[in-house]
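To keep things clear, I will list the structure first and then write my remarks on it.
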């Protein structure tokens, strides 16, 4: 019987699928973050933990919502692509950072990108 060679993991079609899925993840993460930020960033509950006139009250929603959004989308990537989750999440993190630089939201894009990679990390144990 002839044995078939395993398909390489790095052909052009696989990378195109990863880039497409990463672009969809970036689009989804940006929209979810925007929804959370516009609805809850100026809510009064931040004042229970942070003083009203401090800089932390402005930066906390960016970091918290960015990380939450990135981790959730990263976990979804890990569930959809268990073997290639970190590659897709890394491409999505790079695309997210580029989109943040272009749009001027660098702090939020860094938080979302870090969340994407951290959310996809648990899928590394499923090999």
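Numbers below:
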{"read-out": "For the stretch 19-87, average projected area of the Cα convex hull in nm²", "value": "5.2 nm²"}
{"read-out": "Distance between the stretch 103-117 and the stretch 37-95 - C-alpha centres, whole angstrom", "value": "8 Å"}
{"read-out": "Helix 12-40 axis, angle to the chain major axis (alpha carbon atoms, nearest 10°)", "value": "20 degrees"}
{"read-out": "Ascending count of other beta-carbon atoms within 10 Å, so fewest first, for 16, 121", "value": "16, 121"}
{"read-out": "Fully extended contour minus Cα-Cα distance, from residue 80 to residue 103, at 0.36 nm per residue", "value": "5.4 nm"}
{"read-out": "Size-normalised alpha-carbon gyration radius of the chain, reference 2.2 N^0.38 Å", "value": "1.27"}
{"read-out": "Over the stretch 82-127: Kirkwood hydrodynamic radius from C-alpha pairwise inverse distances, Å", "value": "10.7 Å"}
{"read-out": "Residues 71, 106, 112, sorted so that the one with the fewest Cβ neighbours within 10 Å comes first", "value": "106, 71, 112"}
{"read-out": "Packing-based exposure ordering (other Cβ within 10 Å, fewest first) of 83, 44, 18", "value": "44, 83, 18"}
{"read-out": "Computed FRET value (nearest 0.05) for residue 50 with residue 17, which takes r as the C-beta separation and R₀ as 35 Å", "value": "0.25"}
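We did not get these values from a lab; they are worked out from the coordinates using the rules stated. Since this is a predicted model, take the numbers as computed values, not measurements. As a convention, Cβ positions derive from the backbone with ideal geometry for all residues, glycine included, and neighbour counts pool all protein chains shown.
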